[in-house]
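Okay, structure first, notes after.
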Amino acid sequence: MRRFGLAVAALLATVVAACGGDDNNAPADKASTGGKLEGSISVWIMDPGSPKIQGVVNQYGKDFEAANPGTKVDIQFVPWAQAHDKFVTAIAGGKVPDVAEMGTTWTPEFADQGALLEQPGIGDGEYVSSLVDAATLNEKVYGKPWYAGARSLIYRKDMLEKAGVEPPKTWDEMTAAAKAIKEKNKGVYPVGFTGLSEHMYLPTIWQAGGEIATQEGDTWKSALNSPQAAEAIDWYSSFYKEGYVPKAAVGWEEPDAQTAFINGDVAMLIAGGWGYNSIIATKPELEEKIGTALTPTGPSGKGTAFAGGSHLVQFTESGNHELGAAFIDFMLQPDQLNKFTGEIGFLPGTTAGIEASGYLEDPQRKPFAEQLLKASAVYPPSPKWGGLEGANIFDGQIQKVMKGEQAAQDAVAELATKMDEEFAG
Amino acid sequence: MRWVLKRGWMYAAMALVALFALFPIYWIVITSLKPRSEIYTRTPDLWPSDPQWDQYPRVLGEGHVGRALMNSLIVASGTMVICLLVSAGAAYVLARYRVRITRILLILVLMTQMFPLVVLVIPLFVTMRKAGLLGTYWSLIITYLAFSVPLAIWVMRGFVMSIPEELEHAARIDGATRIGAMWRVVLPLAAPGLAVTAVLSFLEGWKEFLLALTFINSEERKTTPLVLQTFVGRGDTDWGAVMATSVLYTLPVAVVFVLARKHLMTARTAGAVKG
Amino acid sequence: MSMAPAAVQAGRRTAPRPPAMMIARRAVNRLTLPVLLLLPALIIIAGLVGYPLVRTVYLSFTDTGLGELIYGGSTWVGLENFREVFADEHLRASLVNTVVFGTACVVGTMVLGFAVALLLNQRLKGNLFFGVAVLLPWAVPALAASAIWKWLFDARYGFVNWALVNLGFEGFADYAWFAGRWSAFVAIFITVVWQSFPFVALALLAGLQTIPKEMLQAAAVDGAGAWQRFRLVTLPLLRPIVAVLVIFSTIWDFKIFDQIYVMAAGVPDRSADTAAVAAYREGFALSHYGLGSAVAVVLFLILLAFSLVYVKLIGREGELG
């Protein structure tokens, strides 16, 4: 049995110990043995939502073409919201790109169908290991981690000060802090826990000491029907029930909570480095007022967050595997990598990249890096997980608990049944 | 006095409907002029304190909205022209030849519209791949036709039927062929219907998103709805850019509406004979 | 059927017992023009939509998942998917939502569209400005329209709540429109009507203007009031175009996807989903392509039933076929 929900404790040590020069040699080797590169490839990249960052990616194509005369890289941006469906259509319709960025939870789904090419040369400690796990199906790795991130705590220093509380380190402290903030800051809601953000509420199950699913042979089994999971959902919903969260938040997605935070309506938020970047970009004057810290730890003593991000994958049906591999390795070179990740507020998916990023020296951004490296985990890399996520099967039950229409224990039991149905079918 | 009361009531209704129609559009316009930090406010800001016009050069430059508008224009005009050519004749036949098979054809044409588009996307993609059209303007134009021609046929048929056949007979007695009568008598009288159909088929091509997303595989060919979606990132949406693009996107259509307002909203008198 | 086409009648009258060859040639001659005019439209429609439709119906009887979609080899499961559509609480609810909400949207769109068309037909001062104003929502891209309306109905930053509170409805302070199924439907209803009434208004106006003034004047001379003129003269003459608009509005509003997908995502337990959204979630998201297709087929059957009823209703009056 394989366990998930493990912190990636060893990795920080690896990062510190690793010496930068060697790290990008292994992947690059393969490309250089193939002789001269030629031909053209099409590349699908998820739309970063800003023409400026698109420019960074487009520059990869131009630089690569310049370094390898006779090659052509055609980059297309695909919107996140429709990307999964576009992949399905392309695979089922028989015309795939050569290289693509893929959300980490989708990689096993498409790998399971034989659509993705196995990625050789994934060395130990070379990539953020939780993201390698997310790309692994039956011991084989189908995607190279491009960028990664985990959510931490973002809070308004001034509001916490006014309430006379320190940034919470544990669940209990968070509850107490919420109570104090509510009393001392009129009109401010202490927390931005929403109904439609599984990356906020599912990790609380890990923090409570539970699991989301466990692997049994070839298949997965839901672990949600447990007292820990019930406790986690209970705690998460308690903020809403107590009025520590805006009423409308039951139907909010993460950007809505972020908007409320930017407007000073919410004091504490669970968000990633990309969210932090977006907040500062929207209201630069907030930079002084915002503090960051690791996600508060639950009864298990762990403050595990979800490690999300993207893989770079190649398709089996692609006509130019060699050029695709070379382009991926080009994008993963630490200096290239950081041009992109620095803009979007994620961390590089390679350890060399993280080292080059300077995140660990920046006090405001350090918690995001530490969260990812020390206290993060990935969802079960089952081929079915992408579907569970895409269909938002979890939200409905959580919303019911938040609104007090259902007990947390019943909710997680129902979710477990639903998950097992999908895992089996 | 009664007249004033009655008219006054109509003017009030007109103002109310106009407000309903225009307010969200007004909101889009002012949002495109607001700096990012002022977009969400608790008390609505009905006019930005310091209008910022820099979204517009930004989306036109970095965002390539100009190119996208051109792509949309090509696709939408192509759809409109072919749709009118193809469906005018078909509508005429289905209006004038009333035999059992026309009824069946009408229902069959209607049936093709009854499936939600999402389930048709994959087979349509396969069809386009086999035809070697993926990524071309034609892939979009042809597919949009499949969804605008049926409606166009039904709408135009309704208009053709309201034109008295006696007028055509008169023309034919004067020596016109059937086609000639259709061209000289029916077509001008059906103009309002034609105009409605033209707008409708143009907007089908102008606004469609899902199929464009599925078929288009290069930045150069992206239509405006696709570019609009590019400002929606993972958890961070560039609302200023979305709104500025929406304004640029609505503007050409609005201009056409203004220029063509008389044609869209004024009658040809077909009824003189019918009474 | 009110009357046979003149050409057909004429043909019957002028040629008593012609030789068989003549009949055949005349039939060919008579059919050439209509067939030539019909063919391009039929080829485009059938050539493109024919295969996808047949395939969707076929998939609805199979257990197709992502693997079967790519490599084939799905198993025939008979009516199993359809049994599940009606057994599954969420799918059943989505069908009910489709019919109830879709019907409401059709009625709302038609009523507002008719009112606007009648107003425009009055030729008031400022008529053309008003006409352009009401057409504009039609031109707004779907993404922007859904986003703007969702925002206008936002609990905290929305204009609607702000306006309602300032009008004295204090209860709407921070009122969460999208946290409940019915309030969400109200907001989405307004969005849908906003986007679809311009077309209906324009088409009805075009229809109104083909009505001969003499008929209305004659009715007025006979002592008919405004309402009677509308009911006895205008409405019957507009029947064909109204029928077309009702049929197509029904098809569009029952297939509604974008607005529900964007605006109803946060409604607890996805209880405001419609059939098209449910078909999408089962298909693309959960890879149950068989079940997703079955939802689509059920939606098709519902729409077909509605359309046949409409066609029957207008057919009796003689306007169709």
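The values are calculated or read from the model by the stated rules, or taken from the named source; none is laboratory data. Please read all numbers here as calculations on a predicted model, not as lab measurements. Cβ: placed from backbone, ideal geometry, glycine included. Neighbour counts: every protein chain shown.
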Within region B:25-77, residues being in a helix (DSSP H, G or I) and either more than 14 Å from chain A (Cβ to nearest Cβ) or within 31 Å of the chain's Cα centre (by Cα) (or both) number 28
Those residues of region A:398-415 which are in contact (Cβ under 8 Å) with a residue 24 or more places away in the chain and buried (at least 19 other Cβ atoms within 10 Å of the Cβ) amount to A:ILE398, A:GLN399, A:VAL401, A:MET402, A:ALA408, A:ALA411, A:VAL412, A:LEU415
Can you spot a residue in region C:227-250 that is more than 11 Å from every other protein chain (Cβ to nearest Cβ) and farther than 19 Å from C:PHE114 by Cα? no
Just name the residue that is farthest from the other protein chains (Cβ to nearest Cβ) out of those in region A:377-393 that are hydrophobic (A, V, I, L, M, F, W, C), crowded, with 23+ Cβ neighbours inside 10 Å and out of contact with any strand residue (DSSP E or B) (no Cβ under 7 Å at 6 or more places or on another chain). A:TRP385
Quick check on region C:120-140: of everything there that is over 28 Å from B:TYR249 (Cβ atoms) and at the interface with chain B (Cβ under 7 Å from one of its Cβ atoms), which residue is surrounded by the fewest Cβ atoms within 10 Å (Cβ to Cβ)? C:GLN122
Within region A:380-396, can one find any residue that is within 30 Å of A:ASP218 (Cβ to Cβ) and either part of a strand (DSSP E or B) or among the hydroxyl-bearing types (Ser, Thr, Tyr) (or both)? yes
The condition of being closer than 24 Å to A:TYR276 by Cα and hydroxyl-bearing (Ser, Thr, Tyr) holds, among A:THR316, A:THR341, only for A:THR341
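Looking at region A:346-365 only, could you name the residues that are surrounded by fewer than 23 Cβ atoms within 10 Å (Cβ to Cβ) and either out of contact with any strand residue (DSSP E or B) (no Cβ under 8 Å at 6 or more places or on another chain) or touching a residue at least 24 places away in the same chain (Cβ under 8 Å) (or both)? Before the answer, list the steps.
Restricting attention to region A:346-365, the residues satisfying the condition of being surrounded by fewer than 23 Cβ atoms within 10 Å (Cβ to Cβ) are A:355-358, A:360-365.
Answer for region A:346-365, where residues must be surrounded by fewer than 23 Cβ atoms within 10 Å (Cβ to Cβ) and either out of contact with any strand residue (DSSP E or B) (no Cβ under 8 Å at 6 or more places or on another chain) or touching a residue at least 24 places away in the same chain (Cβ under 8 Å) (or both): A:GLU355, A:ALA356, A:GLY358, A:LEU360, A:GLU361, A:ASP362, A:PRO363, A:GLN364, A:ARG365.
Hey, any hits in region B:181-190 for a residue that's at the interface with chain C (Cβ under 7 Å from one of its Cβ atoms), modelled with pLDDT under 85 and surrounded by fewer than 24 Cβ atoms within 10 Å (Cβ to Cβ)?
Residues of region B:181-190 that are at the interface with chain C (Cβ under 7 Å from one of its Cβ atoms), as a first pass: none.
Scanning region B:181-190, I find no residue that is at the interface with chain C (Cβ under 7 Å from one of its Cβ atoms), modelled with pLDDT under 85 and surrounded by fewer than 24 Cβ atoms within 10 Å (Cβ to Cβ), so the answer is no.
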Those residues of region B:167-181 which are within 14 Å of B:VAL93 (Cα to Cα) and in contact with a Leu (Cβ under 9 Å, 6 or more places away or on another chain) amount to B:ARG178, B:ILE179, B:ALA181
Run down A:ALA249, A:ALA307, A:ALA267 and say which single residue is touching a residue at least 40 places away in the same chain (Cβ under 8 Å), crowded, with 24+ Cβ neighbours inside 10 Å, part of a helix (DSSP H, G or I) and of a type in the set (Gly, Ala, Ser). A:ALA249
Kindly evaluate C:PRO268 against the criterion of being over 27 Å from C:ALA133 (Cα atoms) and not small (Gly, Ala, Ser). yes
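Is it the case that B:THR223 is free of Cβ contacts under 8 Å to residues at least 40 places away in the same chain, β-branched (Val, Ile, Thr), within 14 Å of chain A (Cβ to nearest Cβ) and out of contact with any strand residue (DSSP E or B) (no Cβ under 9 Å at 6 or more places or on another chain)?
Values: free of Cβ contacts under 8 Å to residues at least 40 places away in the same chain: no; β-branched (Val, Ile, Thr): yes; within 14 Å of chain A (Cβ to nearest Cβ): yes; out of contact with any strand residue (DSSP E or B) (no Cβ under 9 Å at 6 or more places or on another chain): yes.
Answer is no for this residue.
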Checking A:GLU216 against (1) out of contact with any Phe, Trp or Tyr (no Cβ under 8 Å at 6 or more places or on another chain); (2) at pLDDT 95 or above; (3) acidic (Asp, Glu), which single condition isn't satisfied? (2)
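Of all residues in region C:153-183, which are at positive phi and either at the interface with another protein chain (Cβ under 8 Å from one of its Cβ atoms) or among the basic types (Lys, Arg) (or both)? Working first, answer last.
Filtering region C:153-183 down to residues at positive phi leaves C:168, C:174.
Within region C:153-183, just C:ASP174 meets the criteria.
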Quick count over region B:226-252, residues being at the interface with chain A (Cβ under 10 Å from one of its Cβ atoms), in a helix (DSSP H, G or I) and among the small types (Gly, Ala, Ser), is 1
Any residue in region C:198-214 that's closer than 16 Å to C:VAL244 by Cβ and at the interface with chain B (Cβ under 7 Å from one of its Cβ atoms): show its pairings with residues that are of a type in the set (Ser, Thr, Tyr) and assigned to a loop (DSSP other than H, G, I, E, B) at Cβ separation under 7 Å, as long as the two are six or more apart or on different chains. C:THR210/B:SER162
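Per-residue answers, yes or no, for (1) buried (at least 22 other Cβ atoms within 10 Å of the Cβ); (2) of a type outside the set (A, V, I, L, M); (3) in a helix (DSSP H, G or I); (4) in the same structural domain as A:GLN406 (by TED's automatic domain parsing):
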position	(1), (2), (3), (4)
A:LYS182	no, yes, yes, yes
A:ASP234	no, yes, yes, yes
A:ALA257	yes, no, yes, yes
A:TRP274	yes, yes, yes, yes
Residues of region B:209-220 being in contact with a Phe, Trp or Tyr (Cβ under 8 Å, 6 or more places away or on another chain) and either among the charged types (D, E, K, R) or more than 8 Å from every other protein chain (Cβ to nearest Cβ) (or both), in sequence order, are B:LEU211, B:PHE215, B:GLU219
Within region C:127-166, which residues are closer than 18 Å to A:LYS247 by Cβ and of a type in the set (S, T, N, Q)? C:ASN161
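Rundown of residues vs (1) in the same structural domain as C:PHE101 (by TED's automatic domain parsing); (2) free of Cβ contacts under 8 Å to residues at least 40 places away in the same chain; (3) not aromatic (Phe, Trp, Tyr), yes/no style:
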residue	(1), (2), (3)
C:ASP258	yes, no, yes
C:TYR261	yes, yes, no
C:ALA305	yes, yes, yes
C:VAL311	yes, no, yes
Looking for something in contact with a His (Cβ under 7 Å, 6 or more places away or on another chain) and either in a helix (DSSP H, G or I) or not β-branched (Val, Ile, Thr) (or both) - is there at least one such residue anywhere in region C:62-75? yes
Starting from residues that are buried (at least 17 other Cβ atoms within 10 Å of the Cβ) and of a type in the set (Ser, Thr, Tyr), keep the ones in region B:137-180 and report whichever is farthest from the other protein chains (Cβ to nearest Cβ). B:TYR137
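Here are some residues: B:LEU84, B:LEU60, B:LEU106. Which one is touching a Leu at 6+ places or on another chain (Cβ under 9 Å) and within 27 Å of C:VAL295 (Cβ to Cβ)? So that I can check it myself, show each step before the final result.
Numbers: B:LEU84 fails: within 27 Å of C:VAL295 (Cβ to Cβ); B:LEU60 fails: within 27 Å of C:VAL295 (Cβ to Cβ).
Being touching a Leu at 6+ places or on another chain (Cβ under 9 Å) and within 27 Å of C:VAL295 (Cβ to Cβ) holds for just one of B:LEU84, B:LEU60, B:LEU106, which is B:LEU106.
Is it the case that C:ILE256 is more than 7 Å from every other protein chain (Cβ to nearest Cβ) and not polar (S, T, N, Q)?
On the way: more than 7 Å from every other protein chain (Cβ to nearest Cβ): yes; not polar (S, T, N, Q): yes.
Yes: the conditions hold for C:ILE256.
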For region A:45-142, please list each of the helices (runs of 4 or more DSSP H) lying entirely inside it that holds at least 2 residues being among the aliphatic types (A, V, I, L, M). A:51-67, A:80-93, A:129-134
